[in-house]
Amino acid sequence: MTPRAHIAAIRFGLGTAPEAPPPDTPEAWLTGQLRPLPAAPGPSLDECLAVLRARRDPASTENRPADIARAEAQAWARRMLTTQAPLAERLAEFWGNHFTISRRRGNIIALLGVYQREAIRPHIMGRFEEILLAVTRHPGMLMYLDNANSIGPNSMAGLRQGRGLNENLAREILELHTLGVNGGYTQDDVGALARILTGWSVGRGAEFNEPAGFMFRPRTHEPGAKTLLGRSFPEGEEGGVQALRFLAQHPATQRHLAGKIARHFIADAPPPAAKQRIAQALAETQGDLAATMRRVIAMPEAWSAPLSKLRAPQDYVLAVLRATGVGEAGAPALLGASAQLAQPLWTAPAPNGWPDTAADWATPEQMMRRLDWANTIAGRAAATRDARSLAEATLGPLLRAETATAIRRAASPRDGLVLLLASPEFHRR
Amino acid sequence: MIARRSLLLGLSALSMGGARVAFAQAPGEARLVVVLLRGALDGLAAVQPYADPAFAGLRGLLAGGAPGTEGGLLDLGGRFGLHPAMPKLHAMYRGGDALIVHAVAGHWRSRSHFDAQDFLESGAGQRLNSGWLNRALSAMPDAGPARRGLAVGVDVPLLLRGPVRVGSYAPPGNSSVETDTMSQLLALHRADPALGPAFAEGLRARGFSAAVLAGQAPGPGNRNGFVALSGAAGRLLAAADGPRVAALEIGGWDTHAAQLPRLAAVLAELDTGLDALREGLGDAWRRTAILVATEFGRTVRVNGTNGTDHGTGGVAFLLGGAIAGGRVAGDWPGLSELFENRDLVPTTDLRALAKALLGGHLRLPVTAVAQAFPGSESVGAMRGVLRG
C-alpha cells in the first residue's frame with residue numbers, strides 16, 4: 001500500500017474506514033469524482049421563502065424557519081457521513097465556505113440549506129462565473145449581504161424614498177469572492193459595483209405577483225451605465241451579469257482563487273509555483289473548476305507527506321465518525337461535536353468564512369476539546385473497533401512508528417482508540 | 001451500529017472519570033460485583049511476599065518497607081504485606097472480609113492488554129461478543145421487567161455485554177482521559193510545531209502539570225471517579241428492587257515507568273473506592289461478594305525506568321461479607337524460579353475464583369457456569385472461598 005492511497009482519501013476526501021478502504025488507483029478515484037453531484041433533496045426555495053415571509057404567531061411555540069434549518073442540517077450530516085464521493089462533497093464545502101452565508105444573520109436560517117443545495121452544489125464542477133452568478137442571484141446571499149435592500153439613489157424608488165445604496169455585497173464580491181483584497185480595486189469600484197447590482201433583489205411570491213426567488217426590480221435600479229475597473233457596464237440586469245462574468249475571468253480573481261485552492265489542498269503556505277499553475281489552469285480553461293481540480297490532483301505538491309494541513313473541526317469530526325462506522329446514525333453527533341469544537345455548521349462568524357490554516361484552529365482549548373470528544377467516541381467505539389486495525393485502516397503508511405507503539409501498548413481498548421483518534425496524524429490531512 | 005445501539009438501550013452503565021460501572025439484575029438476595037483493573041496491576045507490589053528470600057533482591061527499589069516500620073507494608077500474617085496505600089482493604093482483611101489469592105492468572109498467556117482483557121471479559125480463549133458474567137446470568141429464569149438494571153454510563157464492559165438486558169444512560173461530558181494516556185499524547189505531539197505547543201498549553205490550562213503527568217501528583221479532579229461510582233454502585237445494589245450484579249472498572253495500572261508514585265495513587269483510589277462500595281452496600285454487604293481482577297501480572301524484576309513490564313502471575317482479591325477472608329490463599333510458587341525467567345509462575349486459574357462465586361454465591365446451575373466459561377471443564381471452583 002502506497003501513501004498515495006491514504007493521501008487521496010485523507011487530503012482530498014473525508015478519511016478512510018474499514019468499510020471505506022483507501023482507493024486502489026488514487027488519481028483515478030479522485031478524478032472520477034469530478035462530475036456533477038447528485039441533487040440533494042430538500043424543501044424548494046419557494047417553500048423556504050414562504051416560511052421566511054410568514055409572520056410568526058407570538059403565542060405559538062412553532063418555529064418553522066428553525067425546523068427547516070434543523071432538517072437541512074440533519075440531511076447534510078447524513079450525506080457527509082455516507083457519501084461515496086468525498087472529494088466532491090469536500091469541494092461543495094470549499095465553495096460553500098468561499099461564498100459563505102451564515103446563520104449569524106438570523107433572518108436567513110430557513111435559506112441556509114437550500115442555498116447550499118441550489119446555489120453551490122450544482123455549480124462546483126462547472127465554470128467559476130456560473131457559480132458566481134448563481135450565488136449572487138440567490139436570495140440567501142442577497143439577504144445575507146443586504147443587497148435585497150440596496151437602492152440606487154437616482155432610481156425611481158431612491159428619489160421617492162430618499163434611500164440609497166448598500167455596498168455590503170459589492171464589497172464582499174470584490175474582496176472575498178473574486179479579485180481578493182489586493183486585487184487592485186478602489187472604493188470607486190465598490191460603489192460602481194453596488195450601483196450595478198441595485199435592483200438585484202428577492203421576489204415576494206405569487207401573492208404579490210412576483211417570482212419566488214431572484215427578482216430584478218427596475219424601480220430600485222440605478223439608471224445609466226457604470227464604470228467598474230475602467231470598463232463600462234450598461235444599465236439594467238444585464239449590466240450586473242456582464243460585470244460578474246468580467247470579474248470571474250479577471251486575472252486577479254484567478255490568482256485569488258488559486259491561492260485559496262492551494263491553501264486548502266496543498267499547504268497553509270503553498271509554494272508560489274503551485275499557486276501559479278492553478279491560476280494558469282483557471283485562465284486556460286475559462287475558470288472550469290473540475291478541469292482545474294484535475295490539474296491540482298496531477299501536481300506533485302498535492303501528494304507530499306507527511307500531511308501538513310490541519311483538519312478543521314468539521315473535517316476532524318467527520319473523519320472520526322466515518323472511521324468508527326456509525327453511518328447515518330452519527331448525524332446528531334456530527335452536528336453536536338462540530339459545534340462543540342467551535343465550528344457549528346453554516347455559522348461562520350463573518351462573510352470571509354471559516355479559516356483554513358493550522359494557526360487558526362490549533363488553539364490549546366481546541367486540542368483539549370478534541371481530546372475530550374475523542375475519548376467519548378472511543379468509549380462508544382471500543383466494543384466494535386480494535387485500535388490497532390483501525391490505525392492501519394485509517395492511516396496506513398502515514399501512521400508514525402511511535403504512535404503505533406503507543407497504541408499497541410495502550411492499557412485498554414478505549415485508551416488505544418483515544419491514542420489513535422487524538423494522535424497528531426489523525427488531526428492532519 | 002444498529003445492533004450496538006439496541007444493545008446499549010438495554011444495558012445499564014454508570015460512568016464518571018475513567019471508571020465505569022454496569023449493572024444487571026439477578027433473582028435472589030446475593031450481590032456480585034466484579035472490578036476490572038485495566039492495564040495490569042503489579043500483584044507483587046500490591047501484595048508483597050516480603051518473607052520470600054529472593055524478593056528484596058529481585059525487586060530492588062520497588063520493595064516496600066518491613067511491616068511495622070514507618071510507611072511500611074501492612075502485614076497479612078507473617079509472609080505477605082499489603083501495600084501501605086490500602087489501609088481500608090487491610091481493615092477488611094483483618095475483619096475476615098477480604099481473601100487474597102496470589103499467583104493468579106487467566107487462561108491465556110498473551111501479554112497484550114487488548115487480547116488479555118478480551119479473554120478476561122469474554123471468559124473464552126478468543127474474542128466473543130458477550131462476556132462471561134452476562135452469559136452466566138442469561139441462564140437464569142427471566143425475572144420480567146425488574147430484571148432491567150439502572151441505565152447510567154457511556155459504555156458497558158464486554159464482561160457484561162450479551163443477551164441479558166441491562167439498561168444504559170450516559171451522563172454527557174463526564175468522562176476524562178487517563179493521565180497516562182494524556183502523558184503519552186503529549187509526547188506524541190511534542191515534535192509537531194503547531195499542535196505540540198497547543199496541546200501542552202491546553203494540558204497546563206487544565207491543571208495537568210509535569211508532576212501530574214508523571215503520576216507524581218493527583219490530577220485535577222478526575223481521580224475520584226472510581227470512588228464516587230463505587231459508592232453509587234453500592235447504594236444501587238443495596239436497594240431491595242435494585243440490580244444484583246455490577247461490573248466496575250478502573251484504569252491506570254500500566255506502570256512501565258515511575259511505578260512507586262503512580263501505583264500508590266491508583267491503589268489509594270481503589271482502596272477508597274472499595275470502601276465506598278462497602279459503605280454504600282450497608283446491610284447488603286453481608287450478602288455481597290466482590291471479585292477484583294486484572295488481565296495479567298507484571299515482571300518480577302524492575303525495568304530500566306523504575307517500572308515493570310507486562311508479566312503473567314498476579315494477584316486477585318475477593319471481598320465482602322459472603323467471603324471467608326482474612327488469609328492469603330493460592331499456592332505460592334516462590335521466586336526462585338520464574339515463568340519464562342521473568343514472571344511470577346501462575347498457580348491458580350482465575351476462572352476457579354469466578355466459578356466459586358457464580359456457583360456457590362449466586363447459586364447458578366452448573367450449566368450456566370459452563371456456559372460462562374466454555375472449554376473450562378478441567379477447572380473446578382475454588383474451595384473455601386465462601387462463608388458457610
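The values are calculated or read from the model by the stated rules, or taken from the named source; none is laboratory data. Quantities reported herein were computed from a predicted structural model and do not represent experimental measurements. Glycine also receives a Cβ, built like all others from the backbone with ideal geometry; neighbour counts cover every protein chain displayed.
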Would you mind stating whether A:ALA69 is under 28 Å from A:ALA333 (Cβ atoms), crowded, with 20+ Cβ neighbours inside 10 Å and more than 15 Å from the chain's Cα centre (by Cα)? yes
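Criterion first (touching a Lys or Arg at 6+ places or on another chain (Cβ under 9 Å) and assigned to a loop (DSSP other than H, G, I, E, B)) does B:ARG278 satisfy it? Reasoning before the result, please.
Working: touching a Lys or Arg at 6+ places or on another chain (Cβ under 9 Å): yes; assigned to a loop (DSSP other than H, G, I, E, B): no.
So B:ARG278 fails the test.
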Has the stretch B:298-316 got at least one residue that is within 16 Å of B:ARG111 (Cα to Cα), part of a strand (DSSP E or B) and small (Gly, Ala, Ser)? yes
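Conditions tested, residue by residue: (1) part of a loop (DSSP other than H, G, I, E, B); (2) among the aliphatic types (A, V, I, L, M).
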| site | (1), (2) |
| --- | --- |
| A:LEU30 | no, yes |
| A:PRO43 | yes, no |
| A:LEU52 | no, yes |
| A:GLU93 | no, no |
Note on the stretch A:104-136: residues touching a residue at least 40 places away in the same chain (Cβ under 8 Å), within 26 Å of A:LEU87 (Cα to Cα) and of a type in the set (D, E, K, R) are A:ARG117, A:GLU118, A:ARG121, A:ARG127, A:GLU129
Boolean, A:ASP360 is surrounded by fewer than 20 Cβ atoms within 10 Å (Cβ to Cβ), within 18 Å of the chain's Cα centre (by Cα), farther than 30 Å from B:GLU249 by Cα and within 12 Å of another protein chain (Cβ to nearest Cβ): yes
Is it the case, given these coordinates, that A:THR394 is within 7 Å of chain B (Cβ to nearest Cβ), under 29 Å from the mean Cα position of the chain (by Cα), closer than 17 Å to A:GLY325 by Cα and assigned to a helix (DSSP H, G or I)? no
Test for B:ALA324: is it over 26 Å from B:PHE55 (Cβ atoms), at pLDDT 95 or above and surrounded by fewer than 24 Cβ atoms within 10 Å (Cβ to Cβ): yes
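Is it fair to say A:LEU310 is within 12 Å of chain B (Cβ to nearest Cβ), modelled with pLDDT of 95 or more and over 23 Å from A:ARG117 (Cβ atoms)?
Numbers: within 12 Å of chain B (Cβ to nearest Cβ): yes; modelled with pLDDT of 95 or more: yes; over 23 Å from A:ARG117 (Cβ atoms): yes.
When the stated conditions are applied, A:LEU310 passes them.
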Within 29 Å of A:LEU169 (Cα to Cα) and of a type in the set (A, V, I, L, M), is that true of A:ALA323? no
Residue among A:ASN166, A:ASN182, A:ASN209, A:ASN147 that is loosely packed, with under 15 Cβ neighbours inside 10 Å and either more than 26 Å from A:ILE278 (Cβ to Cβ) or touching a Cys at 6+ places or on another chain (Cβ under 6 Å) (or both): A:ASN209
Identify all residues within the stretch A:400-415 that are more than 7 Å from chain B (Cβ to nearest Cβ), crowded, with 20+ Cβ neighbours inside 10 Å and not β-branched (Val, Ile, Thr); write none if there are none. A:ARG414
Kindly state which helices (runs of 4 or more DSSP H) lie completely within the stretch A:230-334 and contain at least 1 residues that are more than 29 Å from A:THR198 (Cβ to Cβ). A:251-265, A:272-284, A:289-298, A:313-324
Count - residues of the stretch B:184-197 that are at pLDDT 90 or above and either buried (at least 21 other Cβ atoms within 10 Å of the Cβ) or at the interface with another protein chain (Cβ under 7 Å from one of its Cβ atoms) (or both): 6
Cross-chain or 6+ apart pairs with Cβ under 6 Å, the stretch A:410-429 first and outside any helix (DSSP H, G or I), then among the hydrophobic types (A, V, I, L, M, F, W, C): A:ALA410/A:LEU419; A:ALA422/A:LEU371; A:ALA422/A:ALA374; A:ALA422/B:LEU185; A:SER423/B:LEU188; A:ARG428/A:LEU307; A:ARG429/A:ILE10; A:ARG429/A:LEU307
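In the stretch A:150-164, what count of residues is obtained for those that are assigned to a helix (DSSP H, G or I) and in contact (Cβ under 8 Å) with a residue 24 or more places away in the chain?
Restricting attention to the stretch A:150-164, the residues satisfying the condition of being assigned to a helix (DSSP H, G or I) are A:156-161.
Checking which are in contact (Cβ under 8 Å) with a residue 24 or more places away in the chain leaves us with A:156-158.
So the count comes out to 3.
If you go through the stretch A:26-34 one residue at a time, do you hit one that is within 18 Å of the chain's Cα centre (by Cα), surrounded by fewer than 15 Cβ atoms within 10 Å (Cβ to Cβ) and modelled with pLDDT of 95 or more?
Going through the stretch A:26-34, the residues within 18 Å of the chain's Cα centre (by Cα) turn out to be A:33-34.
Cutting the leftovers down to surrounded by fewer than 15 Cβ atoms within 10 Å (Cβ to Cβ) gives us none.
Checked the stretch A:26-34: no residue is within 18 Å of the chain's Cα centre (by Cα), surrounded by fewer than 15 Cβ atoms within 10 Å (Cβ to Cβ) and modelled with pLDDT of 95 or more.
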Checking A:PRO355 against (1) closer than 30 Å to A:TYR144 by Cβ; (2) at the interface with chain B (Cβ under 10 Å from one of its Cβ atoms); (3) surrounded by fewer than 17 Cβ atoms within 10 Å (Cβ to Cβ), only one condition comes out false. Which one? (2)
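Is it fair to say B:VAL379 is over 21 Å from the mean Cα position of the chain (by Cα) and not in a helix (DSSP H, G or I)? Give the steps one after another, and end with the answer.
Numbers: over 21 Å from the mean Cα position of the chain (by Cα): yes; not in a helix (DSSP H, G or I): yes.
Taking the combined requirement at face value, the residue satisfies it.
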